[in-house]
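Trainee: First the structure, which I've put down as structure tokens, then a few questions once you've had a look.
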Amino acid sequence: MDFKDKVVVVTGGAQGIGRCIAEEFRKAGANVCVIDKQQGDHFVGDIADKETLERFAKEVTGKYGHVDFLVNNALPLMKGINECSYEEFQYAMSVGVTAPFYLSKLFMPHFAEGAAIVNISSSRDRMSQPQTESYTAAKGGIHALTHALAVSLAGKVRVNSISPGWIDTAYTVYQGPDATQQPAGRVGNPMDIANMVLYLCSDKAGFITGENICIDGGMTRQMIYHGDNGWTFRNHTLP
């Protein structure tokens, strides 16, 4: 796909999935603007901070005048109800929900024709492990924010979200149960997500908006019951 001279914003784009997304857009000819807490050759800042978002948006629009694609990828804090403080939960919401909302609002007057927003949610928006409340709530929030923005920005910006499952950012090739438990037969990697991001931003996805696409190797589609297909339930919380 050709994104020559398109302007792409990627939050959390210095590492992991975000870095892969940014690199793939660059390979396709785009101008990529990254914001990340990690030091590097990009805008360094914490997207939980309102003034940081405003400075970043001003820098992007001042340099390019418009934005074609916004990818809200930055990773929220993951802590559970036993340990997560009020402040930490609020911080997770700021990174995972408030920042994507506010960046969408800041860029709203500057989105070009054919613009698109892609929000990175998680398969945890529909299923959970214990002690993951801050992360899970943030990912559920951005999932819901997606269809709200799609309706509000109808006719100007298409808005979709992706819910990754197990994605190994080191591209580890797993063997045994870690791989075979997944209907796709393997653990995912960042390219599985980046490919879909670029597709959703392309003209080929011009009739797709307000949608969530779960990329998890089929894990959320299989029923798991004790004694079924080799699955065994062991409740370690009981004496």
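Trainee: With +1 on each Lys and Arg Cβ and -1 on each Asp and Glu Cβ, and nothing else charged, work out how big the dipole of region 83-194 is about its Cα centre, in Debye to the nearest 20.
Mentor: Here the size comes out at about 440 debye.
Trainee: Quickly estimate the mean residue ellipticity at 222 nm for the chain, helices only: each DSSP H run with n ≥ 4 gives -39500 (n - 2.57), and the total goes over all residues, rounded to 500.
Mentor: So the calculated ellipticity at 222 nm is -10000 deg cm²/dmol.
Trainee: Something else about it: Roughly speaking, to the nearest percent, how much of region 142-206's 1.4 Å accessible area is carbon and sulfur?
Mentor: With neighbouring chains kept in place, the figure for region 142-206 is 56 percent.
Trainee: Can I ask one more? For region 181-239, state the average projected area of the convex hull of the C-alpha atoms over all orientations, rounded to one decimal in nm².
Mentor: If you wrap the Cα atoms of region 181-239 in a convex hull and average its projections, you get 6.5 nm².
Trainee: Follow-up question, since we're still on this one. Determine the principal axes of the Cα atoms in region 169-208, then give the extent along each, sorted from largest to smallest and rounded to whole angstroms.
Mentor: 39, 21, 8
Trainee: Please work out whether region 81-239 counts as rounded, prolate or oblate from its C-alpha gyration tensor, where a ≥ b ≥ c are the square roots of the eigenvalues and a/c under 1.5 means rounded, while otherwise a/b larger than b/c means prolate and anything else oblate? Walk me through the numbers before you get to the answer.
Mentor: Values: a/c = 2.45, a/b = 1.49, b/c = 1.65.
Taking the square roots of the gyration eigenvalues as a ≥ b ≥ c, region 81-239 is oblate.
Trainee: While we're here: Could you check the simple spin-label distance between residue 15 and residue 233, using points 7 Å along Cα→Cβ, in nm with one decimal?
Mentor: Output for this residue pair reads 3.7 nm.
Trainee: Moving on. Of 107, 39, 72, whose Cα points farthest to the positive end of the dipole of the chain (charges on the beta-carbon: +1 Lys, Arg; -1 Asp, Glu; origin at the Cα centre)?
Mentor: My answer, from the dipole projection, is 107.
Trainee: Sticking with this structure for a sec: If each residue of separation counts as 0.36 nm, what is the full-extension length gain between residue 131 and residue 186 once their alpha-carbon separation is subtracted?
Mentor: That pair, residue 131 and residue 186, stretches by 17.2 nm at full extension.
Trainee: OK, next. Each label point is 7 Å from the Cα along the Cα-to-Cβ direction; what then is the distance between the points at residue 156 and residue 49, in nm?
Mentor: Result: 2.9 nm between the two label points.
Trainee: I've got another one for you. Mind pulling the per residue volume of the convex hull built on the Cα atoms of region 1-119? Å³ is fine.
Mentor: Normalising the Cα hull of region 1-119 by residue number yields 103 Å³.
Trainee: Okay, next question. Classify region 88-130 from the C-alpha gyration tensor, please: rounded if a/c falls under 1.5, else prolate or oblate depending on whether a/b exceeds b/c.
Mentor: Here region 88-130 falls in the oblate category.
Trainee: Distance from a point 7 Å along Cα→Cβ of residue 221 to each backbone N in region 171-206: keep the residues under 11 Å and list them by number.
Mentor: 183-184
Trainee: What are the radius of gyration and Dmax of region 137-216, computed over its Cα atoms and given in Å?
Mentor: 14.9, 47
Trainee: For region 27-68, what are Rg and Dmax over the alpha carbons, in angstrom?
Mentor: Radius of gyration, then largest Cα-Cα span, for region 27-68: 11.0, 31 Å.
Trainee: So if I take the centroid of the Cα atoms in region 174-202 and the same for region 47-62, what is the distance between those two points in Å?
Mentor: Region 174-202 and region 47-62 have Cα centres separated by 32 Å.
Trainee: Right, here's the next one. How would you order 176-188, 192-204, 146-158 from highest to lowest mean count of nearby Cβ atoms within 10 Å?
Mentor: 192-204, 146-158, 176-188
Trainee: May I pose another question? Using +1 on the beta carbon of Lys and Arg, -1 on that of Asp and Glu, and nothing else charged, what's the dipole of the chain about the Cα centre, debye to 20?
Mentor: Charge dipole of the chain: 300 debye, to the nearest 20.
Trainee: Next question, about the same structure. Taking the mean number of other Cβ atoms within 10 Å as a proxy for protection, how do you rank 210-223, 17-30, 83-96 from highest to lowest? Provide the component values of the computation, followed by the final result.
Mentor: Working: 210-223: 15.6, 17-30: 20.9, 83-96: 17.2.
The most tightly packed comes first, giving 17-30, 83-96, 210-223.
Trainee: Give the residue from 196, 230, 218 lying farthest towards the positive end of the charge dipole for region 170-239; charges sit on Cβ (+1 for Lys and Arg, -1 for Asp and Glu) and the dipole is referred to the Cα centre.
Mentor: Among 196, 230, 218, the one farthest towards the positive end of the dipole of region 170-239 is 230.
Trainee: Sorting check: for 60-67, 2-9, which peptide has the highest mean count of neighbouring beta carbons within 10 Å, and how do the rest follow?
Mentor: Details: 60-67: 15.8, 2-9: 18.6.
Ranking, from highest mean packing down: 2-9, 60-67.
The values are calculated or read from the model by the stated rules, or taken from the named source; none is laboratory data. Remember, it's a predicted structure, so these values are computed and weren't measured experimentally. Every residue, glycine among them, receives a Cβ derived from its backbone with ideal geometry; neighbour counts consider all protein chains shown. With ligands, DNA and RNA removed, areas are computed over all heavy atoms of the protein, side chains included. Shrake-Rupley method; radii C 1.70, N 1.55, O 1.52, S 1.80 Å.
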